[in-house]
Amino acid sequence: MERYFQKEMECADRETMRSIQNEKFLKQVKHVWDNVPYYRKKMEDKGVTLDDIKSIDDISKLPFLSKADLRDAYPYGLLGTPLKDCVRIHSTSGTTGKRVVAFYTQNDVDMWEECCARAITAAGGTDEDVCQVSYGYGLFTGGAGLHGGSHKVGCLTIPTSSGNTDRQIMFLNDLQATILCCTPSYAAYLGERMKEMGLGPDDIPLKAGIFGAEAWSEEMRQDIQNTMGIKAYDIYGLTELSGPGVSFECSEQSGMHINEDHFYAEIIDPDTEEVLPLGSEGELVFTSLDKEAFPLLRYRTRDICCLSREKCSCGRTLVKMMKPKGRSDDMLIIRGVNVFPSQIEAVLLNQGYAANYQIIVDRVNNTDTLDVHVEMTPEMFTDNLGEIDRRQKALVDGMKSMLGIKAKVTLVAPKSITRSEGKAVRVIDNRKI
Ligand code: DLL
């Protein structure tokens, strides 16, 4: 039987949801107009005033916000409430330029945690469950978000944070955790370590995993599900909007339901900024509908995906977003061809490798080079050069047909590529240096 955390919202009919969105949207725009001079100026520069926004259908009149705006307004420029009403900040892990800092009032934290509670419930979580949160705690939103959600559901929460892998496995075992929350790359690493320790799917009581914060393929899902004997659910979100729980997967595991009573989604063409019809692939843009401290209107996420309103067997009516392929800024352009790391990963997993790889891009004599280092699994490890050559060739061919360009593939020994405890770093692009 499907369980819901807030059924009236998760299963609302279209008309009801649209009217909730409409009402909240008008309030949110007024809140921004009145309290966020940075965005109000952007509206005025575009010749738009509050009078032009009469319903959510007028959303396309509003200007977009980008990460550059958030950096520009750092730290307080987009704050919608007095600082004394805020109770928390979180921050993105941005490696370049200023970090983005997001602010939360207590109501914002409650809304965010409820979104995470919806995700945990959709993964089968109840107050009978033991939920181990192995996302990093701190400025990163993964730990705090799922932790709060787990409390709201009433699970016994184990706040391990990430790292110390053997201790993670000890707690999973000793405290009989039934739900594991971490990045998919860390889940894969935990699975690998369990295997090494002689623990199979039947030795641990885990039943579900809630894995997100980075792009991961269907093949990787299968791999993790088989190794741990669990159902692996995707969860998506970003610090700017709250954190994890902007959208979440249900038992159908075919895309993530967006909590659209809080976040209104649009898909645009990233080059022309034109809004695209339902089902088209493009950049995901979100408008928060009821945030207080850090309201964002038409925020460009850079994530590439598409939306679907196909009926879902779980009974939820919330619009779904398909797995993001990765960010448009993760997309590599190699000799003029668009390449997403997730495409390379799909080729590897299809040929029986684990997701332990590194992509190295460089420019030699004005030509881009693409080198992929792929770790052999212990079972396939060999010093037979003919066999290694055959395997490398099969990967080169697989990548050629997936990407349309030739990559150089080097097979490396098991365990030679550093494992990730949070978001995996898959790409080294030496062209930028
Ligand atoms: O990664 C929040 C989060 C924590 C989501 C835990 C899920 C679980 P940021 O660090 O701000 O926040 O990074 C946000 O990560 O724009 C996407 O590019 C990517 N991302 C997040 N979830 C997914 C996912 C958190 N399920 C950025 N699939 C987003 C693909 C994801 N990409």
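The values are calculated or read from the model by the stated rules, or taken from the named source; none is laboratory data. These numbers were taken from a predicted model, which means no experiment stands behind them. Reconstructed Cβ throughout: ideal geometry from the backbone, glycine too, with neighbour counts over all protein chains shown. Side chains are part of the model used for accessible areas, which takes the heavy atoms of the whole protein and leaves out ligands, DNA and RNA. Shrake-Rupley method; radii C 1.70, N 1.55, O 1.52, S 1.80 Å.
Among residues belonging to segment 158-191 that are free of Cβ contacts under 8 Å to residues at least 12 places away in the same chain and not charged (D, E, K, R), point out the one that is farthest from residue 201 (Cα to Cα). Before you say what the answer is, go through the steps one by one.
Taking segment 158-191 as the starting set, the residues that turn out to be free of Cβ contacts under 8 Å to residues at least 12 places away in the same chain are 164, 167, 170, 174.
Subset that is not charged (D, E, K, R): 164, 170.
Numbers: 164: 21, 170: 15 Å.
Step by step, filter segment 158-191, then rank; the result is 164.
Show the residue pairs that are 6+ apart or on different chains and have beta-carbon atoms under 9 Å apart, the first residue being within segment 5-20 and in the same structural domain as residue 126 (by TED's automatic domain parsing) and within 22 Å of residue 152 (Cβ to Cβ), the second being of a type in the set (Phe, Trp, Tyr) and in a loop (DSSP other than H, G, I, E, B).
10/4; 11/4
Collect the residues in segment 392-425 that are of a type outside the set (Val, Ile, Thr), in contact with a Ser or Thr (Cβ under 9 Å, 6 or more places away or on another chain) and within 30 Å of residue 164 (Cβ to Cβ), keeping them in residue-number order.
Selection gives 414, 419, 420, 421, 422, 423, 424.
Okay, residues lined up against (1) of a type in the set (Asp, Glu); (2) surrounded by fewer than 22 Cβ atoms within 10 Å (Cβ to Cβ); (3) more than 7 Å from the ligand (Cβ to nearest atom); (4) modelled with pLDDT under 95:
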{"residue": "209", "(1), (2), (3), (4)": "no, no, yes, no"}
{"residue": "217", "(1), (2), (3), (4)": "no, no, yes, yes"}
{"residue": "220", "(1), (2), (3), (4)": "no, no, yes, yes"}
{"residue": "225", "(1), (2), (3), (4)": "no, yes, yes, no"}
{"residue": "229", "(1), (2), (3), (4)": "no, yes, yes, no"}
{"residue": "232", "(1), (2), (3), (4)": "no, no, yes, no"}
{"residue": "235", "(1), (2), (3), (4)": "no, no, no, no"}
{"residue": "242", "(1), (2), (3), (4)": "no, no, yes, no"}
{"residue": "250", "(1), (2), (3), (4)": "no, no, yes, no"}
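Under the condition of being open to solvent by 80 Å² or more (accessible area, probe 1.4 Å) and among the charged types (D, E, K, R), which residue from segment 72-87 is nearest to residue 267 (Cα to Cα)?
In the first step, residues of segment 72-87 are kept if they are open to solvent by 80 Å² or more (accessible area, probe 1.4 Å); the result is 72, 74, 76, 83-84, 87.
Still in the list and also among the charged types (D, E, K, R): 72, 84.
Numbers: 72: 24, 84: 35 Å.
Per the criteria, the residue is 72.
Could you count how many residues in segment 54-63 are open to solvent by 30 Å² or more (accessible area, probe 1.4 Å) and touching a residue at least 40 places away in the same chain (Cβ under 8 Å)?
Matching residues across segment 54-63 total 1.
Please report, ordered by residue number, the strands (runs of 3 or more DSSP E) entirely within segment 339-430 with at least 1 residues that are at pLDDT 95 or above and not assigned by TED's automatic domain parsing to the domain that holds residue 163. Walk me through it before giving the result.
Values: elements: 357-364, 367-375, 408-412, 427-429.
So the answer is 357-364, 367-375, 408-412.
Scan segment 327-340 for residues that are within 16 Å of the ligand (Cβ to nearest atom) and buried (at least 22 other Cβ atoms within 10 Å of the Cβ) and jot them down.
Matches in segment 327-340: none.
Tell me which residues, restricted to segment 142-157, are open to solvent by less than 10 Å² (accessible area, probe 1.4 Å), near the ligand (Cβ under 10 Å from one of its atoms) and in contact (Cβ under 8 Å) with a residue 60 or more places away in the chain.
Selection gives 142, 145, 146.
Restricting attention to segment 123-134, which residues are open to solvent by less than 10 Å² (accessible area, probe 1.4 Å) and either in contact with a helix residue (DSSP H, G or I) (Cβ under 8 Å, 6 or more places away or on another chain) or charged (D, E, K, R) (or both)? Outline the logic, then answer.
From segment 123-134, those open to solvent by less than 10 Å² (accessible area, probe 1.4 Å) are 123, 125, 129, 131-134; that's our starting set.
The answer is 125, 129, 131, 132, 133, 134.
Which numbered condition in (1) under 21 Å from residue 251 (Cβ atoms); (2) within 11 Å of the ligand (Cβ to nearest atom); (3) open to solvent by 10 Å² or more (accessible area, probe 1.4 Å) is the only one that residue 182 fails?
With respect to (1) under 21 Å from residue 251 (Cβ atoms); (2) within 11 Å of the ligand (Cβ to nearest atom); (3) open to solvent by 10 Å² or more (accessible area, probe 1.4 Å), residue 182 is out only on (3).
Every residue in segment 201-215 that is part of a loop (DSSP other than H, G, I, E, B), closer than 26 Å to residue 242 by Cβ and not acidic (Asp, Glu), please.
Quick first cut of segment 201-215, residues part of a loop (DSSP other than H, G, I, E, B) only: 204-207, 213-215.
Checking the rest, the ones that are also closer than 26 Å to residue 242 by Cβ come to 213-215.
Those that are part of a loop (DSSP other than H, G, I, E, B), closer than 26 Å to residue 242 by Cβ and not acidic (Asp, Glu): 213, 215.
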